[in-house]
Amino acid sequence: MAAQASVETPVGWLTLTEEDGAITAVNWRAGAGAAETPVLRQAVAEIDAYFAGDLTEFTVPLAAKGSDFQIAVCDAISAIPFGYTRTYGEIAKDLDQSAQSVGQACGGNPIPILIPCHRVMGAKGLTGFSGAGGVETKVALLRHEGAASLLI
């Protein structure tokens, strides 16, 4: 059974979905109400701490859904530390795939921010961002983390 909670952040409202003790989705909208499970309470607290500048690594359980390739890309994205970026090409090389396919999988990330797809850049800099606000939100998240010094 899925449970949801919404949290207001500097980049807009987020609605978190929990299934079987793990966060399975983050959507850019409001309306789900307060966190009523331990995992949702932990996720909301960690998101609040992240935006307050008090948290650099999420520990709430995550369970991304998708193809094996989507999961591999989410795992690669999750390994990018706070304050750092990687390119689609670098991840593609690690996974022996094309940069375009990595970009598509990144755009399909079901758990943005917690799986930090905003830390993935194009070979020549910024690219799109599937979250609300598009590239401006990506820039805001990277600035918050002090990443990609060209943006600061």
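Quick notes on this structure:
Conditions tested, residue by residue: (1) among the hydrophobic types (A, V, I, L, M, F, W, C); (2) at positive phi; (3) under 13 Å from the mean Cα position of the chain (by Cα).
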residue: ILE23; (1), (2), (3): yes, no, yes
residue: ALA32; (1), (2), (3): yes, no, no
residue: GLU57; (1), (2), (3): no, no, yes
residue: ASP75; (1), (2), (3): no, no, yes
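- Single residue of ILE111, ILE91 found to be of a type in the set (Val, Ile, Thr) and within 20 Å of ALA132 (Cβ to Cβ): ILE111
- Of the residues ALA30, ALA49, ALA35, the single one that is at pLDDT below 95 and over 20 Å from GLY133 (Cβ atoms) is ALA35.
- Reported count of residues in the range 22-37, each being assigned to a loop (DSSP other than H, G, I, E, B), surrounded by fewer than 17 Cβ atoms within 10 Å (Cβ to Cβ) and aliphatic (A, V, I, L, M), is 2.
- Identity of the residue in the range 55-84, among the β-branched types (Val, Ile, Thr) and in contact with a Gly (Cβ under 9 Å, 6 or more places away or on another chain), that ends up least open to solvent (accessible area, probe 1.4 Å): VAL73
- Spans of helices (runs of 4 or more DSSP H) in the range 53-152 with at least 2 residues out of contact with any strand residue (DSSP E or B) (no Cβ under 9 Å at 6 or more places or on another chain), under 26 Å from TRP13 (Cα atoms) and without any contact (Cβ under 8 Å) to a residue 60 or more places away in the chain: 68-78, 99-107, 135-145
- Selected residue [open to solvent by 60 Å² or more (accessible area, probe 1.4 Å) and small (Gly, Ala, Ser)] from ALA45, ALA52: ALA52
- Verdict on THR24 being at pLDDT 95 or above and over 21 Å from ILE80 (Cα atoms): no
- Applying the criterion of being open to solvent by less than 20 Å² (accessible area, probe 1.4 Å) and touching a His at 6+ places or on another chain (Cβ under 8 Å) to the residues of the range 93-152, the residue that is nearest to VAL60 (Cα to Cα) is PRO112.
- Restricting the range 1-21 to residues that are in a loop (DSSP other than H, G, I, E, B) and within 25 Å of HIS144 (Cα to Cα), the residue that is least open to solvent (accessible area, probe 1.4 Å) is VAL11.
The values are calculated or read from the model by the stated rules, or taken from the named source; none is laboratory data. Remember, it's a predicted structure, so these values are computed and weren't measured experimentally. Glycine also receives a Cβ, built like all others from the backbone with ideal geometry; neighbour counts cover every protein chain displayed. Only protein heavy atoms, including side chains, enter the accessible area calculation; ligands, DNA and RNA are left aside. Shrake-Rupley method; radii C 1.70, N 1.55, O 1.52, S 1.80 Å.
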